[in-house]
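Scroll down for the structure; my scribbles are underneath it.
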Amino acid sequence: MAPPAIIAPSILSANFANLGHDCSKKMEQGADWLHVDIMDGHFVPNMTIGCPVVSQIRGCVDRPSEPCGRGTFDCHMMIMEPHKWVGEFKKAGCDLYCFHYEAAVSSVAATDPTDKETTARTSPKQLIRYIHEESMQAGIAIKPDTPVDVLWDIIESEDPAERPDMVLVMTVHPGFGGQKFMASELPKVAALRERYPDLNIEVDGGLGLGTIEQAADAGANVIVAGSAVFGAQDPADVIAKLRQAVQKRRGAEL
Ligand SMILES: O=C(CO)[C@@H](O)[C@H](O)COP(=O)(O)O
Ligand SMILES: [Fe+2]
């Protein structure tokens, strides 16, 4: 059976002048995780926040008491050279470091094989190992143009330290909130769920009450929603309904 529903509001749609308050409010309204979008203006054509802001908002939300528990900071790293920021984001309070496959494979060869950070640039598997050594959960994300089968070898790594704890299937082209959901990406989710019944599979982009059924039916259990939650009259109700849709799909598997 698929793992439990996890609802992760994307703080990209928060009021940045009042970010700490908005984050703690979403937790009170029933969020499981907070999805923190980090954009560098190179990997995607937009820029957001860095470590100082993450560290400030970390102080507004209780830390998770177990891996992937309530209060997890799910940092979606839309950046080039993701190996360079693992240590800094750990210090800032990140719990789950989710890098893009496309950024990790465009990195160059190791220049100093004795250095963990340098080695982490050589392959997604080495980067996952490094994230685990820094005591964070590791996620790997794919953009709409990337086929899902590039992930099989990584998810099925012989060494558990090199396996991701979560896969993120983007359902928009990354860079901005409020875009239209791409149902064309759902076969990737279904293929992942068929192969890996226990894996956390996250979807991100255009999720809301009008699209959640499709995503849940395909097998997604970690739901990112920015504008649908932050723009709602009643965010707690939207969070509850997103959760119900995922739980319903889980119930149907029994
Ligand atoms: O990573 C991204 C965009 O690149 C997302 O996390 C969005 O911020 C989700 O926003 P909505 O589509 O739910 O408004
Ligand atoms: Fe995101």
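Every residue, every condition in (1) open to solvent by 10 Å² or more (accessible area, probe 1.4 Å); (2) out of contact with any Phe, Trp or Tyr (no Cβ under 6 Å at 6 or more places or on another chain), yes or no:
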{"residue": "PRO67", "(1), (2)": "yes, yes"}
{"residue": "GLY71", "(1), (2)": "no, yes"}
{"residue": "HIS76", "(1), (2)": "no, yes"}
{"residue": "ASP95", "(1), (2)": "yes, no"}
{"residue": "TYR101", "(1), (2)": "yes, yes"}
{"residue": "LYS125", "(1), (2)": "yes, yes"}
{"residue": "ILE128", "(1), (2)": "no, yes"}
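The single condition from (1) within 12 Å of ligand 2 (Cβ to nearest atom); (2) touching a helix residue (DSSP H, G or I) at 6+ places or on another chain (Cβ under 7 Å) that ILE38 fails is (2). Here ALA218 meets the list (1) surrounded by 18 or more Cβ atoms within 10 Å (Cβ to Cβ); (2) away from ligand 2 (no atom under 15 Å from the Cβ); (3) modelled with pLDDT of 95 or more; (4) more than 22 Å from HIS100 (Cβ to Cβ) almost entirely, failing just condition (4). All conditions but one from (1) within 22 Å of GLU202 (Cα to Cα); (2) open to solvent by 60 Å² or more (accessible area, probe 1.4 Å) apply to PRO45; the one that does not is (1).
Among the residues making up the range 80-91, those that are open to solvent by 10 Å² or more (accessible area, probe 1.4 Å) and of a type in the set (A, V, I, L, M, F, W, C) are MET80, TRP85. Every condition in (1) aliphatic (A, V, I, L, M); (2) surrounded by 14 or more Cβ atoms within 10 Å (Cβ to Cβ); (3) part of a helix (DSSP H, G or I) is met by ALA232 except one, and the failing one is (3).
Scanning the range 4-33 for residues that are assigned to a loop (DSSP other than H, G, I, E, B) and either crowded, with 17+ Cβ neighbours inside 10 Å or within 16 Å of ligand 2 (Cβ to nearest atom) (or both) returns ALA5, ALA14, GLN29, GLY30, ALA31, ASP32.
Results for (1) aromatic (Phe, Trp, Tyr); (2) crowded, with 17+ Cβ neighbours inside 10 Å; (3) closer than 19 Å to ALA220 by Cα; (4) within 19 Å of the chain's Cα centre (by Cα), shown as yes or no for each residue.
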position: ALA138; (1), (2), (3), (4): no, yes, yes, yes
position: GLU162; (1), (2), (3), (4): no, yes, no, yes
position: HIS173; (1), (2), (3), (4): no, no, yes, yes
position: VAL189; (1), (2), (3), (4): no, yes, yes, yes
position: ARG195; (1), (2), (3), (4): no, no, yes, no
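All conditions but one from (1) touching a residue at least 60 places away in the same chain (Cβ under 8 Å); (2) open to solvent by 30 Å² or more (accessible area, probe 1.4 Å); (3) among the β-branched types (Val, Ile, Thr) apply to THR114; the one that does not is (1). For the range 49-60, the count of residues that are over 30 Å from ASP115 (Cβ atoms), among the small types (Gly, Ala, Ser) and within 14 Å of the chain's Cα centre (by Cα) is zero.
The values are calculated or read from the model by the stated rules, or taken from the named source; none is laboratory data. For clarity, every value in this text was computed on a predicted model and none was experimentally measured. So basically every Cβ, Gly included, is an ideal-geometry build from the backbone, and we count neighbours across all protein chains shown. Heavy atoms of the whole protein, side chains included, go into the accessibility calculation; ligands, DNA and RNA do not. Shrake-Rupley method; radii C 1.70, N 1.55, O 1.52, S 1.80 Å.
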